[in-house]
Amino acid sequence: MREPFAHHTLVVTVENKAGVLARVAGLFARRGFNIFSLAVAPTDDDRFSRITIVVDVESATVEQITKQLFKLIHVVKISELSPAQSVERELLMATVKAPADGRGQVLELVQIFEGKILAVGHEEVTVSLEGHPSKIDDFEEMLRPYGIIELQRTGRVALPKLERQAPRLRAVKGKVS
């Protein structure tokens with residue numbers, strides 16, 4: 001199981017241009033900031049990409065990182081998302097040893113975690129699971145005794161939690177007939 005750590009999730013909106021990700025990664029490397037997870041994708045606006053970076057707080061302060069990122073020419077916006085105020089997800093895909101006599105246990109584990117079977121071979125299965133990073137960690141740990149042949153995790157993505165308070169109703173004065 002992965003060690004618990006204190007982290008910050010930074011969401012960096014950048015211009016969608018060649019080399020921008022390399023510049024961001026290079027900045028982290030030059031400054032010695034440790035990237036725990038990195039996910040990049042275009043936004044709904046083709047001009048911009050969204051980079052979600054999970055940073056180990058032991059390697060740098062958020063203020064240092066933010067100041068350095070803003071020095072990069074193609075950075076448009078930086079937001080920090082705390083785990084308590086965001087929805088975080090990650091995807092895991094793994095090929096696991098699953099001979100005929102033990103396959104049922106692996107399939108049951110996948111079902112318990114609400115994962116999916118992606119492919120079945122004679123002696124192995126490929127599975128996937130999407131969920132909160134802690135759920136992914138637990139699933140990975142439970143798969144280990146069966147024998148993981150290959151494993152890939154996407155890295156964390158996150159969005160702010162939505163407001164949950166219902167709008168207040170206003171009393172309206174009017175004539176009662």
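For this structure, a couple of remarks:
- Odd one out for THR66 among (1) open to solvent by 70 Å² or more (accessible area, probe 1.4 Å); (2) part of a helix (DSSP H, G or I); (3) of a type outside the set (Phe, Trp, Tyr): (1)
- The residue that is least open to solvent (accessible area, probe 1.4 Å), among those in the range 115-159 that are of a type in the set (Asp, Glu) and closer than 11 Å to GLU90 by Cα, is ASP137.
- Selection over the range 26-47 of residues that are modelled with pLDDT under 90 and in contact with a strand residue (DSSP E or B) (Cβ under 8 Å, 6 or more places away or on another chain) gives a count of 5.
- All positions within the range 79-98 that are open to solvent by less than 30 Å² (accessible area, probe 1.4 Å), assigned to a strand (DSSP E or B) and not hydroxyl-bearing (Ser, Thr, Tyr): LEU81, GLU88, GLU90, LEU92, ALA94, VAL96
- Subset tally (residues that are among the acidic types (Asp, Glu) and open to solvent by less than 50 Å² (accessible area, probe 1.4 Å)) for the range 16-48: 1
- In summary, ILE51 fulfils each of the numbered conditions (1) in contact (Cβ under 8 Å) with a residue 24 or more places away in the chain; (2) open to solvent by 30 Å² or more (accessible area, probe 1.4 Å); (3) over 30 Å from ILE117 (Cβ atoms); (4) outside any helix (DSSP H, G or I) with the single exception of condition (2).
The values are calculated or read from the model by the stated rules, or taken from the named source; none is laboratory data. Source: prediction; values computed, not measured. Because the Cβ atoms are built from the backbone with ideal geometry, glycine has one as well, and the counts that use them run over all protein chains shown. In case anyone asks, the SASA skips ligands and DNA or RNA and just uses the protein heavy atoms, side chains included. Shrake-Rupley method; radii C 1.70, N 1.55, O 1.52, S 1.80 Å.
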